[in-house]
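The next block holds one structure in the form of C-alpha cells; read it before the comments.
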Amino acid sequence: MKALILSGGKGTRLRPLTYTGAKQLVPVANKPILWYGIEGIVAAGITDIGIIISPETGAEVKAKTGEGDRFGAKITYILQEQPAGLAHAVKVAQPFLGDSPFIMYLGDNLIQDGLEQFLDKFTQQDLDALILLRSVKNPSAFGVAEVAEDGRIVRLIEKPQQPPSDLALVGVYFFSPVIHHAIANIQPSTRGELEITDAIQYLIDQQRQVQATQLLGWWLDTGKKDDLLAANQIILDSYVNPQIAGEIDAQSQVSGRVAIGEGSQLINCTVRGPVIIGQNCHLENCFIGPYSSIADKVTLIDTDIDHSVILQGARVVNINQRIVDSVIGRNASLTVHPRRPKALRFMVGDDCQIELA
C-alpha cells in the first residue's frame, strides 16, 4: 500500500499568504498543514509516500518536509507541471504508484478520524475505490455524491450548480490499481481538467466495487482565512499540551493550556490558553488570547492578539487596538507611525483583506 499526497496548486484562496509559498505549508498550531496528513498516513501503517508538487512551490515543500525521516516514512517527490486536475495528478504519479493500491490525500485537508478504520474496510472488502463523504452547508463548492436509499453510490458530480445532496467528497480516497484504467478512459471536463470524480464514476458505470463511508469527526478544508482560523482553533483545542520551555518573568501570567518554545521570552505579558508560542519569540507588554498560534522568531510589543495566527518572523509593535480573527504573514511588520498629523498609510498587495474599526 502506498500513499499519494497532493501538494501542488496555486493556493489562490489563501492569497496573499500563498503568493510566495505553498498553501499546504501554512501552519496550523505552528505545524504545516501538510504534515498532519503525512502523520495520519504513517499512523495507518503506510510509509511509502509520494507527494505531488508544483514548479512554483515544489522546492519549498521539499526543503521544509525533507525525505521523510522525521515521520518514519520514505517520501518521493513527483512534479506536476500544470494543475490539470486530481486525476491528472494520479496519472503523473503512475510510475511511482505502479500496481500498488494507494490512498490519495489532498494536502490542505485535515480530518479528525484516523485512517486505519477506512483502510481496513478498503482492504477487507477488496474494494476498487472507497470514498469518504461529509455533510456540508455549501455542497456546490465540492464534488458531491448522490447516494441511493440502500447506500449505493449512484453518481458523482464535480462542483454542481444544483447539488443532488449535501454529501461532499472529503479529500481522502482509497484506490486499487484499476483507477489508472479509469483515468485513461475519461476526457477533460469543461474546466479543462481530468476530474477524479469522473474516473470514479467510470468505475461505478463499469460495475466495479466502489463504496462510500461518512466521516464522524470533523473535516477541515483550510483553503480560506476563516477556514484556517477554524482549523487552528480545533487543533489547539484537541492537541496542545502545557509546556513552558521559554522564559517568563515575574510580572507575566500564563493560564490554561499554553505551550512556549525554547528561547522565547515573555515580559509583563498575559497569556490565556489554548495558545502555542514558537521558539525564539519576544513578547513584551502583550495580551495573548485563546486560540492564537505564534510561530518562531515573532516579536510582539504592546500588542493584544486574540484568535489569530502569526507566522514566522512577523513583528507587531505598538498596536493600540486588539487584533482578532487575523492571519499575519511571514516577516510582516505592523507598527504605528508616530508622525503627525495622524493618518493611515498603507502599501497593500493583491488579495489582501484589511478591516479598520
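The values are calculated or read from the model by the stated rules, or taken from the named source; none is laboratory data. What you are looking at is a predicted structure, and each value in this text was computed from that prediction instead of being measured. So basically every Cβ, Gly included, is an ideal-geometry build from the backbone, and we count neighbours across all protein chains shown. These area figures cover heavy atoms from the full protein model, side chains too; ligands, DNA and RNA do not enter into them. Shrake-Rupley method; radii C 1.70, N 1.55, O 1.52, S 1.80 Å.
Residue under question is Leu169, and the condition is that it be closer than 30 Å to Val327 by Cβ and exposed (fewer than 14 other Cβ atoms within 10 Å of the Cβ); does it hold?
No, not satisfied.
Which strands (runs of 3 or more DSSP E) sit wholly inside segment 267-314 and have at least 2 residues that are at pLDDT 95 or above and within 25 Å of the chain's Cα centre (by Cα)?
Fully inside segment 267-314 and qualifying: 275-277, 292-294.
Considering segment 220-245 alone, what residues qualify as being of a type outside the set (D, E, K, R), open to solvent by 20 Å² or more (accessible area, probe 1.4 Å) and assigned to a loop (DSSP other than H, G, I, E, B)?
Within segment 220-245, Asn241, Pro242, Ala245 meet the criteria.
Can you give me the number of residues within segment 116-167 that are among the small types (Gly, Ala, Ser) and on the phi > 0 side of the Ramachandran plot?
1
Please work out which residue is modelled with the highest pLDDT, limiting yourself to segment 1-29 and to residues that are polar (S, T, N, Q) and closer than 26 Å to Glu116 by Cα.
Checked segment 1-29; the qualifying residue modelled with the highest pLDDT is Ser7.
Six or more apart or on different chains, Cβ under 8 Å: which pairs go from a residue in segment 70-86 that's over 9 Å from Ile52 (Cβ atoms) to one that's aromatic (Phe, Trp, Tyr) and crowded, with 17+ Cβ neighbours inside 10 Å? Could you list them?
Phe71/Trp35; Thr76/Phe96
Each row is one residue, and each column tells you yes or no for (1) surrounded by 17 or more Cβ atoms within 10 Å (Cβ to Cβ); (2) of a type in the set (D, E, K, R).
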{"position": "Leu283", "(1), (2)": "yes, no"}
{"position": "Val316", "(1), (2)": "yes, no"}
{"position": "Gln321", "(1), (2)": "no, no"}
{"position": "Asp325", "(1), (2)": "no, yes"}
{"position": "Ile328", "(1), (2)": "yes, no"}
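Looking at (1) out of contact with any helix residue (DSSP H, G or I) (no Cβ under 9 Å at 6 or more places or on another chain); (2) β-branched (Val, Ile, Thr); (3) buried (at least 18 other Cβ atoms within 10 Å of the Cβ), which one does Thr270 not meet, given that it meets all the others?
Result: Thr270 fails condition (3) only.
Going through segment 197-219 one residue at a time, which ones are touching a residue at least 60 places away in the same chain (Cβ under 8 Å), over 15 Å from Leu115 (Cβ atoms) and buried (at least 16 other Cβ atoms within 10 Å of the Cβ)?
Listed by number, the residues that qualify are Asp198, Ala199, Ile200, Leu203, Arg208, Val210, Gln211, Ala212.
Answer yes or no as to whether Val336 is farther than 21 Å from Asp237 by Cα, β-branched (Val, Ile, Thr) and not in a strand (DSSP E or B).
Yes, satisfied.
Output the number of residues of segment 236-266 satisfying the condition of being within 22 Å of Lys297 (Cβ to Cβ), hydroxyl-bearing (Ser, Thr, Tyr) and under 28 Å from the mean Cα position of the chain (by Cα).
1
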